[in-house]
Amino acid sequence: MTHRRPLRLVVLISGPGTNLQALIHAQHAGELDAEIQAVFSDHIDAQGLERARRADIDARYINPADYDDGAAFDAALAQEILVYDPDLVVLAGFMRILSPSFVETFAGRMLNIHPSLLPRFKGLDTHRRVLQAGERFHGATVHFVTKDMDGGPSVIQYRIQVRTKDTATSLKDRVSQGEHIVLPRAVAWFAEQRLSVNDGAVMLDGRQLMQPVLVEGEV
Ligand code: GRF
């Protein structure tokens, strides 16, 4: 039997990169059979770039101001990513809406982590909106990326109960802890060839997921 090569991973970030760090930890702990080939950021001062450098990963900044528009930026970014021949691209706090052609290039091999229980609360500022809506539950979702923003098929969710004392900041912290569990788990499944998507259907261990795998956080 030939040994499967470690998953070639490229991670896109815009900010702190705590999810990137969780992936690096999982890899170092032997829980994720992957090699992070490169980390790209559209922000020069993203802390995640520093995390990548410290882990000896190529840290690449691409300046959106160097391109005429979003589509030109995305085309250049896609070319740069393809140089690394990735099996999987992970959007871990990459705060740009990607063009359809970018999404097409990485169809079936791009995951995003979003801080809400999708399909509820797509878009920005989810923690404040969840509080305002008086929701009982909140969390995070890992999903395959399609042209439909925050709308691609979900793989795994982390769910917590909203507490009366919660603020947007406390919710962000609580959700973030769970993100660091579910993102490495989904990426590990993909690396182990247990996870795929076909025509919008998510397959895990040979069975179609009718709903995302649910991980309950502390109550
Ligand atoms: C996370 O909340 C993620 O769900 C969202 O952006 C945030 C990134 O945080 N897409 P970090 O940069 O990984 O710390």
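The values are calculated or read from the model by the stated rules, or taken from the named source; none is laboratory data. No experiment lies behind these values; they were computed from the predicted model shown. All Cβ positions, glycine included, derive from the backbone under ideal geometry; neighbour counts span all protein chains shown. Keep in mind that these areas ignore ligands, DNA and RNA; they rest on the heavy atoms of the full protein, side chains included. Shrake-Rupley method; radii C 1.70, N 1.55, O 1.52, S 1.80 Å.
For residues that are away from the ligand (no atom under 14 Å from the Cβ) and hydroxyl-bearing (Ser, Thr, Tyr), scanning just segment 159-169, find the one that is least open to solvent (accessible area, probe 1.4 Å).
Thr167
Any residue in segment 85-95 that is of a type in the set (A, V, I, L, M, F, W, C), away from the ligand (no atom under 15 Å from the Cβ), assigned by TED's automatic domain parsing to the domain that holds Gln47 and in contact with a strand residue (DSSP E or B) (Cβ under 7 Å, 6 or more places away or on another chain)? Please lay out each step first, then the result.
Filtering segment 85-95 for residues of a type in the set (A, V, I, L, M, F, W, C) gives 88-92, 94-95.
With away from the ligand (no atom under 15 Å from the Cβ) added as a condition, the list becomes 88.
Pick out the ones that are also assigned by TED's automatic domain parsing to the domain that holds Gln47 and you get 88.
Next cut, in contact with a strand residue (DSSP E or B) (Cβ under 7 Å, 6 or more places away or on another chain) only: 88.
Within segment 85-95, one or more residues are of a type in the set (A, V, I, L, M, F, W, C), away from the ligand (no atom under 15 Å from the Cβ), assigned by TED's automatic domain parsing to the domain that holds Gln47 and in contact with a strand residue (DSSP E or B) (Cβ under 7 Å, 6 or more places away or on another chain).
Considering only residues that are assigned to a loop (DSSP other than H, G, I, E, B) and under 17 Å from Glu179 (Cβ atoms), which ones fall in segment 189-218?
Start the filter on segment 189-218 by keeping residues that are assigned to a loop (DSSP other than H, G, I, E, B), which leaves 192-194, 199-200, 205-206, 209-212, 217-218.
Result: Pro212, Gly217, Glu218.
Answer yes or no: is there a residue in segment 51-69 that is within 16 Å of the ligand (Cβ to nearest atom), in a loop (DSSP other than H, G, I, E, B), over 24 Å from Lys147 (Cβ atoms) and out of contact with any strand residue (DSSP E or B) (no Cβ under 6 Å at 6 or more places or on another chain).
yes
Scan segment 173-219 for residues that are of a type in the set (D, E, K, R), in contact with a helix residue (DSSP H, G or I) (Cβ under 9 Å, 6 or more places away or on another chain) and within 24 Å of Ala107 (Cα to Cα) and report the count.
Within segment 173-219, residues that are of a type in the set (D, E, K, R), in contact with a helix residue (DSSP H, G or I) (Cβ under 9 Å, 6 or more places away or on another chain) and within 24 Å of Ala107 (Cα to Cα) number 4.
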